[in-house]
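Have a look at the structure below, then the notes.
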Amino acid sequence: MRLTQRLLVGSLALVGLLVVAVVAIAGGRLRGRLVEEQRQALTKEARYVAAQWRPGIDPDSLADVAGRIFEHRVTLVAPDGAVIGDSEFEPAELARLENHRVRPEIVAAQRLGEGSASRRSSSAGDEELYVAHRGAHGFTRVSVPTARVEDAVRGAQRDVLLAGALGLVGALLLAYLFARSVSRPVEELRDVARTIAAGDLTARPALTAPGEIGDLATALHQMTEQLGARLEALRRDEELMTALVESLHQGIVALTERGVVARMNDHARALFGVSAPVPFAADLLPRHTLLRQAIDAALEGRGTDFAELDVGGRTLALTARPLHGGGVVLSLLDLTELRRLEQVRRDFVANVSHELRTPLTVVSGFAETLDDDELPPEDRRRFLSTIRANAARMQRIVDDLLDLSRIESGRWEPDPAVVELEPVVADVLDSSRLLAAPRRLRLAATLEASTAYVDPTALRQVLTNLVENAVRYTTAGEVVVRSERAPGGVWLHVRDTGIGIPAEHLGRIFERFYRVDPARSRAEGGTGLGLAIVKHLVEAHGGRVQATSEVGVGTCVSVWLPDG
């Protein structure tokens, strides 16, 4: 007998077994599944109504509108259990309804946030399924009669029983003739197919079955081989695509035609501050007008080449492209650092121009004055001294700019070695005594740590800048250099008893040309670049610099240098 005939008989026998199983257990499971699906649907509706329940909205009107939309009964219950809105009752009838505080679904929602119950309605008079959700202003409850569920279950049971009875009569007459010859290979193919469907592509059917079953086994074997190869190729392509997207220094976001985020790389998550796993609704993306407009335009087929938006304190360049067949791809480039550097460049040009304008004006003005042949010799010498002082000031500014440029550009690299601190600190203090003498300042050192692992030239420049800076802003008292050993390195502190720095300026004193008191700084001969040079020299060693200060008490600048 051909395979088609044997499979017909075997299928009829299988139908008989399935009918018995379905009639025995399917009714209860179908009922439970339908009820559960209905409960889930009602839960979503209750959540939606709760989300729409806001201050100023009439509860009964909201219940009526929601009832018409969902075609279910919607009830709004106050926290004390009073019914304040119902889609099936007029406002005048609400006061006559029972208090719902002890209803099972309300009690469960009060305790767990959501609750459900199946019972006979005292107001509607029929068996209903209730689902309640606790919201910010009370409870939202959605209900539906369970009669339709029972009708569906009974109808399904009747249909299955009728079909099973008809099929079973014919199947039982012929099943015993073909069971032995068909059951074993069919069961084997069934088991192999189930294993493959579960994801185990190493399963293979036996290729020794007779007739068409053997052909089916061969086809299943070949299909499994091809399926395994294609799945492996897809897996490699997916891994490659994921690696490419994640390696980009750009944020990439892909949305479906329904506006659902289907893919988002880590860089985009960091820029947008989103941690939800995909897929998720585009509403979770930042609510920025330009972003929403770009997404909407791309969904309509119009791309956005460039849009600059500020999100979470960062400046982003946005490009939106529509996808063939629907969907959108967003590309995000972080321009924050670029814009910061542009601002730094503008500030730098402005500061350099400002710093050089004054000495250039002085030099030009006094040089013109020197053209006067009748100028007294003492005035001529005084003017020449002023010109030399301002020329020296410009030279210091240029030298510091060159040093700072060389350090920042990476053309200078430290050559650290173990350096004895005592002779270096002594030389720096000696070179600063001439500047400190008119102020009668005491220069001292307390060296608890005797050595540091640092570039000797850089160490001398760091200490010189810090000590001279401390002397310039100290009119009485002392300037002390102190060293101490710390885990993994050495701290160098330069403390003074000067005028101090207000707290709002402490975070910016290491910027180029930043001055707390510009007029005083220029009068003292500072270039405004010393602390910036210190910061870059220390960071080039892998260290860090910090400052503490109190107005009228003094300032302490601390440098930490690592040990190798």
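Conditions (1) outside the structural domain of VAL538 (by TED's automatic domain parsing); (2) under 15 Å from LYS535 (Cα atoms); (3) at pLDDT 90 or above, marked per residue:
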position	(1), (2), (3)
LEU435	no, no, no
ALA452	no, no, yes
ARG472	no, no, no
GLU478	no, no, yes
GLY500	no, no, no
GLY507	no, yes, no
PHE510	no, yes, no
PHE513	no, yes, no
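Has segment 44-57 got at least one residue that is touching a residue at least 12 places away in the same chain (Cβ under 8 Å), crowded, with 17+ Cβ neighbours inside 10 Å and polar (S, T, N, Q)? No, the conditions are met nowhere in segment 44-57.
For segment 80-102, the condition of being more than 21 Å from THR43 (Cβ to Cβ), surrounded by 18 or more Cβ atoms within 10 Å (Cβ to Cβ), in the same structural domain as TYR48 (by TED's automatic domain parsing) and not aliphatic (A, V, I, L, M) holds for at least one residue.
A Cβ distance below 6 Å, combined with a sequence gap of six or more or placement on separate chains, defines the contacts here; from segment 358-373, residues that are on the phi < 0 side of the Ramachandran plot reach residues that are of a type in the set (D, E, K, R) and assigned to a helix (DSSP H, G or I) in the pairs PRO359/ARG393.
Restricting segment 102-122 to residues that are touching a residue at least 24 places away in the same chain (Cβ under 8 Å) and charged (D, E, K, R) leaves a set whose member that is nearest to VAL83 (Cα to Cα) is ARG103. Filter segment 58-99 for residues that are among the basic types (Lys, Arg) and without any contact (Cβ under 8 Å) to a residue 60 or more places away in the chain; which is farthest from THR146 (Cα to Cα)? Checking each candidate, the answer is ARG96. Scanning segment 520-563 for residues that are out of contact with any strand residue (DSSP E or B) (no Cβ under 7 Å at 6 or more places or on another chain) and among the polar types (S, T, N, Q), which turns out modelled with the highest pLDDT? In this case the residue turns out to be THR527.
Tallying residues that are within 22 Å of the chain's Cα centre (by Cα) and at positive phi within segment 312-328 yields 2. Based on what the data block shows, is ALA78 farther than 30 Å from GLY32 by Cβ and over 42 Å from the mean Cα position of the chain (by Cα)? For ALA78, the condition - farther than 30 Å from GLY32 by Cβ and over 42 Å from the mean Cα position of the chain (by Cα) - is not met. Of all the criteria given as (1) closer than 30 Å to ARG194 by Cα; (2) outside any loop (DSSP other than H, G, I, E, B), the one not satisfied by VAL253 is (1).
Of all the listed residues (GLY507, GLY500, GLY488), the sole one being without any contact (Cβ under 8 Å) to a residue 12 or more places away in the chain and small (Gly, Ala, Ser) is GLY507.
If the condition is being in a loop (DSSP other than H, G, I, E, B) and crowded, with 21+ Cβ neighbours inside 10 Å, then segment 431-454 contributes only LEU441.
Of everything in segment 457-502 that's in a helix (DSSP H, G or I) and among the aliphatic types (A, V, I, L, M), which residue is surrounded by the most Cβ atoms within 10 Å (Cβ to Cβ)?
Here is the first cut: in segment 457-502, the ones in a helix (DSSP H, G or I) are 457-472.
Narrowing the set further to residues that are among the aliphatic types (A, V, I, L, M) leaves 458-459, 462-463, 466-467, 470-471.
Values: ALA458: 23, LEU459: 25, VAL462: 28, LEU463: 24, LEU466: 26, VAL467: 25, ALA470: 26, VAL471: 24.
Across segment 457-502, the extreme among qualifying residues is VAL462.
Of the set (1) in contact with a strand residue (DSSP E or B) (Cβ under 6 Å, 6 or more places away or on another chain); (2) more than 30 Å from GLU257 (Cβ to Cβ); (3) modelled with pLDDT of 80 or more, all apply to ARG381 but (1).
From PRO286, PRO359, grab the single residue that is of a type outside the set (A, V, I, L, M, F, W, C) and at pLDDT 75 or above. Please lay out each step first, then the result.
Details: PRO359 fails: at pLDDT 75 or above.
It is PRO286.
Among the residues of segment 261-300, those identified as under 20 Å from LEU323 (Cα atoms), aliphatic (A, V, I, L, M) and either touching a Phe, Trp or Tyr at 6+ places or on another chain (Cβ under 7 Å) or in a loop (DSSP other than H, G, I, E, B) (or both) are VAL261, VAL278, LEU285.
The values are calculated or read from the model by the stated rules, or taken from the named source; none is laboratory data. In this text the structure is predicted, and so the values were computed from the model without any measurement. As a convention, Cβ positions derive from the backbone with ideal geometry for all residues, glycine included, and neighbour counts pool all protein chains shown.
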